[in-house]
């Protein structure tokens, strides 16, 4: 997605949510990912005036309200004279879908060693959760049989970022 926006000269940032709490040992109950998102977005927003954020991750669609609050807080923190009414934060969620057999094939190709079994179990669980999440507001984009560019363009169009 970011490559497609770059080609169009559209200012944006991309943050991978799956890396925002990559710490060991984990602190139970800590919202490290939201704290890190707030810190990063405040820098992008205040220092560069970045209007768009691609925030990717496995289960972030389940935290959209918390994410919006974090982004709003970051904007207010960096621009104290700006009121909540002055800040427009729109959340456009896209859930990428894939048939189970193709997901297994991709994971088997990507993961090596002892993590494969864990990844397969985690993927099956998350598929069930996402199938029950966001039906009324999250766009679903099938990825089977499609290349990365096609999926990115479809996602950006569904979000209304490009025509």
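The values are calculated or read from the model by the stated rules, or taken from the named source; none is laboratory data. Keep in mind that what you see is a predicted model, and the values were worked out from it rather than measured. When we count neighbours, we look across all protein chains shown, and the Cβ atoms used for this are built from the backbone with ideal geometry, even at glycine.
Data overview
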{"read-out": "Any hit, segment 59-68, residues being modelled with pLDDT of 85 or more and more than 24 Å from residue 128 (Cα to Cα)", "value": "yes"}
{"read-out": "The one condition in (1) in a helix (DSSP H, G or I); (2) buried (at least 16 other Cβ atoms within 10 Å of the Cβ) that residue 39 fails to fulfil", "value": "(2)"}
{"read-out": "Hey, residue 90 under 20 Å from residue 161 (Cα atoms) and at pLDDT below 85 or not", "value": "yes"}
{"read-out": "Residue pairs meeting the criteria (Cβ under 8 Å; at least 6 apart or on separate chains; first without any contact (Cβ under 8 Å) to a residue 40 or more places away in the chain, in segment 91-118; second assigned to a loop (DSSP other than H, G, I, E, B) and surrounded by 15 or more Cβ atoms within 10 Å (Cβ to Cβ))", "value": "106/98"}
{"read-out": "Residues of segment 42-53 satisfying the condition of being exposed (fewer than 14 other Cβ atoms within 10 Å of the Cβ) and not in a helix (DSSP H, G or I)", "value": "49, 51"}
{"read-out": "Filter result for residue 34 (modelled with pLDDT of 85 or more, surrounded by 13 or more Cβ atoms within 10 Å (Cβ to Cβ), out of contact with any strand residue (DSSP E or B) (no Cβ under 9 Å at 6 or more places or on another chain) and not in a helix (DSSP H, G or I))", "value": "no"}
{"read-out": "Pairs with Cβ under 8 Å, 6+ apart, first in segment 119-130 and under 14 Å from residue 104 (Cβ atoms), second not in a helix (DSSP H, G or I)", "value": "119/111; 126/58; 126/59"}
{"read-out": "Inter-residue pairs, beta-carbon under 6 Å, first free of Cβ contacts under 8 Å to residues at least 60 places away in the same chain and on the phi > 0 side of the Ramachandran plot and in segment 135-163, second surrounded by fewer than 16 Cβ atoms within 10 Å (Cβ to Cβ) and not in a loop (DSSP other than H, G, I, E, B), 6+ apart", "value": "none"}
{"read-out": "Identity of the residue in segment 90-109, surrounded by fewer than 14 Cβ atoms within 10 Å (Cβ to Cβ) and in a loop (DSSP other than H, G, I, E, B), that ends up nearest to the chain's Cα centre (by Cα)", "value": "90"}
{"read-out": "Subset of segment 1-30 (residues that are in a helix (DSSP H, G or I), without any contact (Cβ under 8 Å) to a residue 24 or more places away in the chain and surrounded by 11 or more Cβ atoms within 10 Å (Cβ to Cβ))", "value": "6, 19"}
